[in-house]
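*Asks:* Below you will find the structure I want to go over with you.
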Amino acid sequence: MQDIYDAMKARVLPDDREASTVMRATPVETVKSILSRIGMDYVEGLPKDVYVSALKEELCSDRDWILKMIPRNLLEFLLLIWDRDEVDVKPEYWDYLQYLQIFGLAAFKRGNPITKEPNEIYIIQEMKDTFYFLLKSKKSRSQIEEYDEWEKVVCGMIYYYGMIDMTMLHEQFMRVTRCMVPYNEFVVFLKCRCSFWSFGVMLRDTRRGREYFKYVNVENAELLLLCLRKQQELSYKPLDKENLFYISEAAGIDNRWPGVSELGNIFLDDIKMEYYQATVMVKTLILLVQNGCTWEELKDKMAVIPMESSEVREKVYDALEALYQNTPVYELKGYSRNESEKILRQKQLKKRREMFTIIEGDKDKNKC
């Protein structure tokens, strides 16, 4: 075990403090927010200890809350430190520990390179005793994996749709997962998890009393909502689990959409961008298209990029046009412009066919 400072390692030590003692370090507004998300009513103006005790009691009496509220990667990290006396530290682990501390599951102290004090992670023995075998059980492991799938499905849908009514999101979710999840349970799951999600937030329309889930990169939610209401005849694009998992893990950049890989390769090979810069540029262009920009606006965005030859310029704009026509657009409910135009043509053709009907005559009357 390390007794001196090592930035990449941390000692794991048992801690006999009560979980509520550790939880008191959490701001009271955060504790009340969690109580609200899990559907617990509370009275304002009470001492902080009252809210902390209520949260701890609820977590320990209904232990499934831990599975709903804490994502798979954090629970796997928790199981890891429960079984070790020393761990290699990744940068994201400190974020994990801050969240686990809210629930009294762990605490920590970062080391000091000057005084040579080591990094230390504290295992709250009371909570380990309560949840260790629960999290180790096959049933819980299966539930953790299922909730992880739910998260990826919702994430993928938001990357496609941008903004969607919660009831519609619930319907699409059940169609994809083939799980008959009650609406209230689905909403509670989203409320429990959305504080982790950098991709989306829940909104309430105070005038109409409806709830929506919105991608954080939607530029104008009110305008998008107006556009969606005008598209009543257009249903949301059906999506399968494979595509939703793919785009969820790719942070909203689907290399299979025409124009995406082509632009990325041009930025790297022909314009000599750094990989990170090229990725950010492709993501920026995708978001512009998804937010409904015009072709001229998209070309204006490219005008700031130096292109050495007309050949490179032609390659860029060919790939850009493919991107523009084939990337899902929020106001088109996840369809691309090409897909939307195809649907419109099919509807127009169907209407033309319905303009005329065959007149059924009596053949006997035509006989001489």
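*Asks:* Looking only at the range 56-66, decide whether some residue is modelled with pLDDT under 95, assigned to a helix (DSSP H, G or I) and of a type in the set (Phe, Trp, Tyr).
*Replies:* Taking every residue of the range 56-66 in turn, at least one turns out to be modelled with pLDDT under 95, assigned to a helix (DSSP H, G or I) and of a type in the set (Phe, Trp, Tyr).
Let's see how each residue does on (1) in contact with an Asp or Glu (Cβ under 9 Å, 6 or more places away or on another chain); (2) not in a helix (DSSP H, G or I):
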| position | (1), (2) |
| --- | --- |
| Glu185 | no, no |
| Leu190 | no, no |
| Arg204 | yes, yes |
| Arg207 | no, yes |
| Lys214 | no, yes |
| Asn217 | no, yes |
| Leu223 | yes, no |
| Leu228 | yes, no |
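*Asks:* Yes or no: Gly292 touching a Pro at 6+ places or on another chain (Cβ under 9 Å), modelled with pLDDT of 90 or more and not hydrophobic (A, V, I, L, M, F, W, C)?
*Replies:* no
*Asks:* Would you check if there is a residue in the range 218-231 being open to solvent by less than 80 Å² (accessible area, probe 1.4 Å), within 18 Å of the chain's Cα centre (by Cα) and in contact (Cβ under 8 Å) with a residue 60 or more places away in the chain?
*Replies:* yes
*Asks:* Would you mind telling me which numbered condition in (1) open to solvent by 50 Å² or more (accessible area, probe 1.4 Å); (2) under 18 Å from the mean Cα position of the chain (by Cα) Lys90 fails?
*Replies:* The failed condition is (2).
*Asks:* Right, another one. Among the residues in the range 278-298, are any open to solvent by less than 60 Å² (accessible area, probe 1.4 Å), in contact (Cβ under 8 Å) with a residue 12 or more places away in the chain and over 28 Å from the mean Cα position of the chain (by Cα)?
*Replies:* For the range 278-298, residues open to solvent by less than 60 Å² (accessible area, probe 1.4 Å), in contact (Cβ under 8 Å) with a residue 12 or more places away in the chain and over 28 Å from the mean Cα position of the chain (by Cα): absent.
*Asks:* Within the range 73-170, considering only helices (runs of 4 or more DSSP H) that don't extend past its boundaries, which have at least 1 residues that are touching a residue at least 60 places away in the same chain (Cβ under 8 Å) and in contact with a Gly (Cβ under 6 Å, 6 or more places away or on another chain)?
*Replies:* 125-136, 138-161
*Asks:* Let me ask something else about it. Condition first: surrounded by fewer than 18 Cβ atoms within 10 Å (Cβ to Cβ) and closer than 30 Å to Arg345 by Cα. Now tell me which residues in the range 263-277 satisfy that.
*Replies:* Across the range 263-277, there are no qualifying residues.
*Asks:* Considering only residues that are modelled with pLDDT under 95 and among the β-branched types (Val, Ile, Thr), look in the range 104-129 and name the one that is most open to solvent (accessible area, probe 1.4 Å).
*Replies:* Step by step, filter the range 104-129, then rank; the result is Ile114.
The values are calculated or read from the model by the stated rules, or taken from the named source; none is laboratory data. On a predicted model such as this, the values are computed, not experimentally measured, just so you know. So basically every Cβ, Gly included, is an ideal-geometry build from the backbone, and we count neighbours across all protein chains shown. SASA here: full protein model, heavy atoms, side chains in, ligands and nucleic acids out. Shrake-Rupley method; radii C 1.70, N 1.55, O 1.52, S 1.80 Å.
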